[in-house]
1. Report A:His107's accessible area, 1.4 Å probe, all protein chains in place, as a number in Å² to the nearest 10.
2. Report the extension gain between A:Thr564 and A:Val412 in nm, rounded to one decimal, defined as 0.36 nm multiplied by the number of residues separating them, less their alpha carbon distance.
3. Stokes-Einstein D for the range A:36-148 at 20 °C, 1.002 mPa s, Kirkwood Rh over Cα pairs, in µm²/s?
4. Which whole-number percent gives the relative contact order of chain A, counting Cα pairs below 8 Å spaced six or more residues apart?
5. Obtain the radius of gyration and the Kirkwood radius of the range A:222-268 from its C-alpha atoms and give Rg over Rh.
6. Each label point is 7 Å from the Cα along the Cα-to-Cβ direction; what then is the distance between the points at A:Arg110 and A:Ala516, in nm?
7. How far apart, in nm, are two points set 7 Å out from the Cα along the Cα-to-Cβ line at A:Ala613 and at A:Thr627?
8. With the dipole of the protein assembly as shown worked out from charges on the C-beta (+1 for Lys and Arg, -1 for Asp and Glu) around the Cα centre, which of A:Ile501, A:Phe17, A:Ala491 lies farthest toward the positive end?
Amino acid sequence: MALDFDTFAILLLLAPFGAAAFASLLARGAGRAAGWILAVVPAGLCFAFLSLVDDVAAGTAVRFAIDWVPVLGLRLSFLVDGLSLTFALLITGIGAVIMVYSGAYLHGHRRLGRFLATMLLFMGAMLGLVLADSLVALFCFWELTSVTSFLLIGFNHTHEAARRAAFQALVVTGAGGLSLMAGGVLLHAISGTWDISALASSEGLRHAGAAYPWVLGFIVVAAFTKSAQVPFHFWLPNAMEAPTPVSAYLHSATMVQAGIYLLARMSPLLAGTPLWQGLLCACGGATLLWGALSALKQVDLKRMLAQTTLASLGLLVLLLGLGGEGAAMAVAAYFVAHALYKAALFLVAGVIDHGTNTRDITALGGLRDQMAVSFIAAGLAAISMFGLPPFLGYLAKEEMYAGLRFDDAWAVLTIAVMVVGNALLGAVALALVIRPFLGTLKPTPHTPHEGGIALLLGPVLFGLLGLGVAFAVSSYGDLILAPMASAIHGARVESHLPLAIDVLGLPFWLSVVTWALAGLAYWRLDAIRASLLAVERRFRWSFDTGFDQLMFGLIRFAGAITRTLHHGRLELYLVIVFAAFALVVLVPLAALRGWPELPRFAPMTFYEWGTVAMAAVGVAVVVGARTRLGSIVALGIQGLAVSLIFLLFGAPDLGFTQLMVETLSVVILALVMTRLHLSTNDPRPLEDWARDGLLALICGGAATALLLRVLQGAFDGRLSNFFAENSVAIAHGHNIVNVILVDFRGLDTLGEISVVMTAGIAILALLRRQHKREPLPDRPKRAPRRKAAA
Amino acid sequence: MNSLIFRTMAPILATLMVLFSIVVLLRGHNDPGGGFIGGLIAAAAAAMSGMAFGVGAVRRTLRFNPIAFAGFGVLLGAVSGLLSAAFGVPFLTALWLPANLFGVPGVFDIGVYFAVFGTLTAVVLALEDNGEET
């Protein structure tokens, strides 16, 4: 079978999932080489995507799709345009380096194989997420990233903090996933298509009126939870419990960037309204400042980096909120620059941790000679983060500032927030490289040593990329940034990256202000940290504790509900079940005025009268019997009469079965009574007896009314005729009932015997539980007190 | 149960009931009967034997845990349905031997017999077991 392009492309897309299957085997067999071997998959994908760059930049998006559930019109469609291509390049490129790094970082770890496999699964999910054009596929991959990141964050599952962080991330991003689903379903309901590229134009959506705020709200909540925007930001710093390669990957181009991706993808559809601008600018700006200030508060390298990720995400959201051509270009430039320098810095933090066994910047210093390569890599990345020309970070900052105007008070506020945020990030960048590497050498738990090539490949590569791209600014702008910005903006954007520094322009002077403020903040770093910590101590409550309170509240709420509904009093359960039955039957009959007319009875023979009399006697004895055993036996008499009726009216199979069922029922009921040591007498007080009797009468009446009503309707003989005609002809059996059971409706019967067996197993489990002399679940300790009260 | 009449008659009755249940099972396709009712009769035989000779004796006679009979029945039903896969027809399609003597529905009915017999026997024996063994 020749592979067509669509199948081939989708198989390529699934390659990381396939590689994950072999990760465990490789980790055991190949040892040190496992990371290198597995890195081949993302690296290969990265080159495949690189080959698409020219086409995509020329404006031809690559599409592929396969039918998923054709009956429902579901198609897995994928789209490679400027936006998804840039993401895919970074996901696979950084992913390849991370695989190499992980192999060395966790070398000798017992669960290295599982780690690499989960990494690959996560990578595949992330890749699917950014390439998906179908909302359904997007949602599936979105959830898959949540689940796999849960596994990655909780990798050190013996640490309670790691388990909590993983759980927290799953709850927050999982809630966002639900919100995404709601938004996607709404979009589908409005437009009738699942494909994002085929969705109605933004005008159409904005004129959708009442639906627009809902769609926007759902999408924004999904994006904000994933991208850790205020007020959902608290999970991201905790996710630092993951091993360093995970943090580097999650923070640079994946996971948290998925929210940014979603907003960018949806911005041609949803952007441009005051609601969009207000939401994104407010939350983005708040996250930017919050993250930058929190970063200054930390002394742990990884925690500092995690908080700066918050700030950067806030900055991206803020830019997306501003909208417009310039902002789209700035988003593209900043996204790439940030991914590269953040990955590099995280990886260096891992190398430092690996080499010295500490990540505390107050305990580190003077490592420049011992870890020279790391120093250079970190330096390059930090300069990009600080934003000095000609690094990528500088270009991104110029793009950001170029789009700004001092129009009104809000614009001025936005500029102020951006400049302050960038300045604080710059201060952190300085701290990240100056504190550990310069100054005097401080004693560390391990004697510092440089990492191997696998550990240093990533930081050096990313650090150099941040500088090297600057020498190819125009093609970088045309091939990567402009196509991405076009996809975000929804219209073609031309690259206008500055080739030279414009000393007279506003952006340059805003940059100068930023650098100055950054230098100032770094100079007073320790004082700022001390005062920030003092403020933090003043407030006992944080979003993190708020999350705990919410969770405990949820558990208490669920417990209260369960105790109310699941009170453990069997007789009340039965009352509710039968009352519900009566309501279900009687309410429609009453509401639809479907009461049956009293039928005219045909004259009955003496043996028919006899059978009815037998049933009546049985019921009378059931009600009147003084002992329970008497009632049970009398129930058998009544059942026998019913099976006789079946026999008399030409249903021998039914009569036969009924007879056996009634016999066994008497035996089993009697056994249950002795087994549970029930008293032989019925201890019900009068009011309970009256309640149960009334309920029994109502239920019986309801069933009778329903049956009479059914009989008075026209009889549809199609099914009966079909069975009568085909029982012998097709199924070779004269007993129609049996033929229906084992042939025409064999699947139903298969389900039924499975249910029978499962019920049997459940009964055995209950009996065994009782046998161990544990308290019966239906006898709570509270019951006696209630009875006394009654 | 200590009635002499019951203890004397029980083995004979139980044997007859099991035999009868098999007859009912096999003739079910053309006359009243079938796997469900056959299984019920066999379970009644097991319940009666349990009362007469004690649960342990019945368990020893059955050799396997009764719930395993139920599992076997469900499995047999499912496997009889899977046979259709070999002929490229939908799940549970009735396939017949030449001359229509016996086919998939018959095997399926035997599965029903075992599922019903096994489940009810397991429950009844567990109830009869006054906490001696489960």
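1. We get 80 Å² for A:His107.
2. 49.1 nm
3. Answer from the Stokes-Einstein relation: 142 µm²/s.
4. 10
5. That ratio equals 1.02.
6. Label-label distance for A:Arg110 and A:Ala516, simple model: 5.8 nm.
7. Distance between the two pseudo-spin positions: 2.8 nm.
8. Among A:Ile501, A:Phe17, A:Ala491, the one farthest towards the positive end of the dipole of the protein assembly as shown is A:Phe17.
The values are calculated or read from the model by the stated rules, or taken from the named source; none is laboratory data. The shown structure was predicted, so the numbers you read here are calculated from the model rather than taken from an experiment. All Cβ positions, even for glycine, are placed from backbone atoms using ideal geometry, and neighbour counts span all protein chains on display. Quick note on the areas: whole protein, heavy atoms, side chains included, nothing else; ligands and nucleic acids left out. Shrake-Rupley method; radii C 1.70, N 1.55, O 1.52, S 1.80 Å.
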